[in-house]
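Accompanying notes for the structure given below.
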Amino acid sequence: MKAENRHHFGVPILEVQLPEVRARSEEIRQYLEKMRDEDTDGIQRSNQRGWHSGDSLHQSKEPVMQWLTEQIFQVGSRLALHAERKPPETEIFLSSLWANINDFGAWNAPHAHLPCEWSGCLYIDVDENPTEENAGICPGDIMFFDPIPVGAPYRPAPTVSYTPKIGTMYVFPGYLLHMVAPHYNERSRISMAFNFRFGENLTQIAR
Ligand SMILES: [Fe+2]
């Protein structure tokens, strides 16, 4: 597994490609669309016009969700522990997993995932070659915000945006503010998002 550490704003933003996702993309889409048909309201978080599933898909009995959960746990926990320089035996839990289906024009407002220590997203079906670009931002991009968003001359530009491929996974600290730009493609954009917790914090910090 080859992971890139973007280390933007001095914050670790880890990117890795899970090539197996592409072959199962359609199967996952069909399962999630069926779930949306049965629960059209979904839940409201950062999603604007988009559908957000319940956040316990890591407990699903559906084989394809169990497969995804395993991939995300194995890769995501390893990246988070590596970035924190914690030993591999550190207790870490995948505490939530949900799906986002963004139809034409849907987007996600800026938000962070505190108190979860680490978070991430995995792309199931996205427009890999968006034709439109404005000031370096493409439709459907994920955008991260500098925790000290002062810009020049003290800091880099306050936001950075990435255009994911199918199977791209980003893992980043839960405090890092981010959003999803609207996209204008008739084919819906499908992503999974997740949170990790450190066992020691769950038992030692009162929350
Ligand atoms: Fe998020």
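Derivation of every value follows stated rules applied to the coordinates shown; laboratory data play no part. Computed from a prediction, not measured in an experiment: that's the story for all the values here. Ideal geometry is used to build each Cβ from the backbone, glycine not excepted, and the neighbour counts take in all protein chains shown.
Among the lysines of the chain, pairs that are 8 or more positions apart or on different chains and have alpha carbons within less than 25 Å of each other number 4. Taking packing as the residue-averaged number of other Cβ atoms within 10 angstrom, the listed peptides 146-156, 78-88, 99-109 run from highest to lowest as 99-109, 78-88, 146-156.
Near residue 109, once Lys and Arg are set to +1 and Asp and Glu to -1 for all other residues with Cβ below 13 Å from its Cβ, the sum equals +2.
Can you compute the label reach from residue 203? Point 7 Å from Cα along the Cβ direction, backbone N cut-off under 14 Å, restricted to the stretch 87-103. The answer is 90-93.
The gain in end-to-end length when the residue 2 to residue 56 segment is fully stretched comes to 16.6 nm, 0.36 nm per residue minus the alpha carbon separation. Using only side-chain charges placed at the Cβ, +1 for Lys and Arg and -1 for Asp and Glu, the dipole size of the chain relative to its Cα centre rounds to 480 debye.
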